[in-house]
Amino acid sequence: MEAKDKRRNGDGKSRSKLLGTSSRKLSTRGLSFEEVNQWSQSLARLLESPYGMITFQAFLKAEFSDENLEFWLVCEDYKKVKRSFRLSAKARKIFNCFIRVEAPREINIDHQTRELTKRNLQAPTTACFMEAQKTVFGLMEKDSYPRFLRSSIYKTLMDSRSESFKM
């Protein structure tokens with residue numbers, strides 16, 4: 001039962017619904033060497049690319065460490081919520097899934113950021129997860145992103161795109 005719960009967010013919906021289109025698989029057919037090469041410039045550049053996002057997500061899933069990216073993506077979606085009455089419910093779901101202690105997809109943030117985020121939920125705005133999201137982005141930038149660039153997934157993709165670039 002525990003493994004099943006880890007694949008669900010706080011309200012029982014599957015992660016793919018929480019993340020929307022970012023969990024879809026994309027064909028690498030139209031992927032160019034230049035685009036793959038640009039991923040090494042910055043984590044932001046990698047996350048701007050639909051192919052980059054999917055590839056990075058696959059890498060993190062293989063390492064059982066995709067909760068930070070998942071949280072970051074959910075926060076990006078949360079910022080787009082237009083109706084204030086939806087902010088509160090969605091904020092609570094995000095908090096329960098990722099931020100509260102012992103959350104099913106608990107992210108690694110410091111106590112101060114966790115408490116600030118908890119206080120922000122008393123009057124949720126589209127910016128209530130900003131500090132937690134910045135912290136998580138910093139962790140990905142310093143840890144998982146460099147590991148991704150050294151990974152066989154990235155190197156294989158670079159080699160395959162390089163071969164098609166030469167043709």
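The values are calculated or read from the model by the stated rules, or taken from the named source; none is laboratory data. Source: prediction; values computed, not measured. All Cβ positions, even for glycine, are placed from backbone atoms using ideal geometry, and neighbour counts span all protein chains on display. The protein model used for the area step is the full one, side chains on, heavy atoms only, and it has no ligands, DNA or RNA in it. Shrake-Rupley method; radii C 1.70, N 1.55, O 1.52, S 1.80 Å.
Couple of notes before you dig in:
- Leading residue by the ranking (nearest to Phe137 (Cα to Cα)) among those in the range 79-88 that are out of contact with any Leu (no Cβ under 8 Å at 6 or more places or on another chain) and not in a helix (DSSP H, G or I): Lys79
- Residue check for Ala91: hydrophobic (A, V, I, L, M, F, W, C), open to solvent by less than 90 Å² (accessible area, probe 1.4 Å) and assigned to a helix (DSSP H, G or I): yes
- Filtering the range 58-67 to residues that are open to solvent by 20 Å² or more (accessible area, probe 1.4 Å), without any contact (Cβ under 8 Å) to a residue 12 or more places away in the chain and either closer than 15 Å to Val136 by Cα or assigned to a helix (DSSP H, G or I) (or both) leaves only Lys61.
- Residues (loosely packed, with under 15 Cβ neighbours inside 10 Å and in a helix (DSSP H, G or I)) located in the range 41-57: Gln41, Ala44, Arg45, Glu48, Pro50
- Taking the criterion of being under 14 Å from the mean Cα position of the chain (by Cα) and open to solvent by less than 30 Å² (accessible area, probe 1.4 Å), the residues of the range 120-147 that qualify are Phe129, Ala132, Gln133, Val136, Gly138, Met140, Ser144, Tyr145.
- When Glu115, Glu102, Glu76, Glu70 are checked against the criterion of being free of Cβ contacts under 8 Å to residues at least 60 places away in the same chain, among the charged types (D, E, K, R) and outside any helix (DSSP H, G or I), Glu102 stands alone in meeting it.
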